[in-house]
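The structure appears below as structure tokens.
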Amino acid sequence: MKVTRLALDGVLLFVPAPFHDERGFFTRTFDAAVAAEHGLDNAAFIQDSQSRSRQGVIRGMHGRSGQGEGKLVRCARGAILDILVDARPKSPTFGEHVTVLLDDETFGHLYVPPGILHGYQALTDADVCYRIDREHDPAEDLSVRYDDPDLALPWPNPLTIISGRDLSAGSWADLKARLLG
């Protein structure tokens, strides 16, 4: 399994090496030993979740206050463009973003550390799986509008569907002021 550190501190991309033959393929979707070699505690993950999105759907930008939430994200079916924004005030990359293509061809897994806003656009109909290290507490939800002009996130395709919650999300300027307090 190849592991790459991305431009935002603590963000990791895990790409397994699937075995292909005439039947199809076999691949590891998680390896606790490899995760531990890169500082992740397998025992910290307490929940697996899955979402299904139609092509063009944007989900995000979401995060958690308090201790934050770490998660492993992978696209089990289809393809997504995943976008992360560093919302950790003490981070040298605060306010910066990275994009990662996740799909069912390369099987990449993205580790999103606490304090990072996360969102994605479905490039095809897509199933996205999450392995999360904290129980969800709605009181800690953070969100920034997907099309905030200060972030200027590079969504690749026209939007087809977005939730009311995401449409009513606040601005990066307001969240930044709150985080910098």
Filtered residues of the stretch 62-77 (kept if closer than 16 Å to residue 15 by Cα and over 9 Å from the mean Cα position of the chain (by Cα)): 75, 76, 77
Boolean, residue 99 is at pLDDT 95 or above and under 14 Å from residue 13 (Cβ atoms): yes
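Can you confirm whether the stretch 15-33 contains a residue that is aliphatic (A, V, I, L, M) and surrounded by 21 or more Cβ atoms within 10 Å (Cβ to Cβ)?
no
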So the check is Cβ under 7 Å with 6+ separation or different chains; which pairs have a first residue in the stretch 135-150 that's over 12 Å from residue 69 (Cβ atoms) and a second one that's modelled with pLDDT under 95 and assigned to a strand (DSSP E or B)? 146/60
Any idea how many residues of the stretch 36-57 are touching a helix residue (DSSP H, G or I) at 6+ places or on another chain (Cβ under 7 Å) and either farther than 20 Å from residue 135 by Cβ or touching a residue at least 60 places away in the same chain (Cβ under 8 Å) (or both)? 1
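Restricting attention to the stretch 14-68, and to residues there that are of a type in the set (Lys, Arg) and over 23 Å from residue 156 (Cα atoms), which single residue is modelled with the highest pLDDT? So that I can check it myself, show each step before the final result.
Of the stretch 14-68, the ones of a type in the set (Lys, Arg) are 23, 28, 52, 54, 59, 64.
So of that shortlist, the ones also over 23 Å from residue 156 (Cα atoms) come out as 23, 28, 64.
Details: 23: 89, 28: 87, 64: 93.
If we take residues in the stretch 14-68 being of a type in the set (Lys, Arg) and over 23 Å from residue 156 (Cα atoms), then 64 is modelled with the highest pLDDT.
Listed here are the residues, each with its yes/no results for (1) β-branched (Val, Ile, Thr); (2) modelled with pLDDT of 95 or more.
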position: 116; (1), (2): yes, yes
position: 123; (1), (2): no, yes
position: 127; (1), (2): no, yes
position: 135; (1), (2): no, no
position: 142; (1), (2): no, no
position: 147; (1), (2): no, yes
Just a yes or no: is a residue in the stretch 102-115 crowded, with 19+ Cβ neighbours inside 10 Å, over 14 Å from residue 73 (Cβ atoms) and touching a residue at least 40 places away in the same chain (Cβ under 8 Å)? yes
Can you confirm whether residue 153 is among the hydrophobic types (A, V, I, L, M, F, W, C), buried (at least 20 other Cβ atoms within 10 Å of the Cβ) and within 26 Å of residue 44 (Cα to Cα)? no
Restricting the stretch 58-80 to residues that are surrounded by fewer than 21 Cβ atoms within 10 Å (Cβ to Cβ) and either touching a Leu at 6+ places or on another chain (Cβ under 8 Å) or without any contact (Cβ under 8 Å) to a residue 12 or more places away in the chain (or both), which is farthest from residue 116 (Cα to Cα)? 78
In this structure, is residue 8 crowded, with 17+ Cβ neighbours inside 10 Å, more than 22 Å from residue 127 (Cα to Cα), hydrophobic (A, V, I, L, M, F, W, C) and modelled with pLDDT of 90 or more? yes
Would you list the strands (runs of 3 or more DSSP E) that sit entirely within the stretch 102-181 and hold 1 or more residues that are out of contact with any Lys or Arg (no Cβ under 8 Å at 6 or more places or on another chain), under 15 Å from residue 63 (Cβ atoms) and not small (Gly, Ala, Ser)? 116-122
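The values are calculated or read from the model by the stated rules, or taken from the named source; none is laboratory data. Only a predicted model underlies this, so the values are computations on that prediction, with no experimental measurement involved. Backbone-built Cβ (ideal geometry, glycine too); neighbour counts: all protein chains shown.
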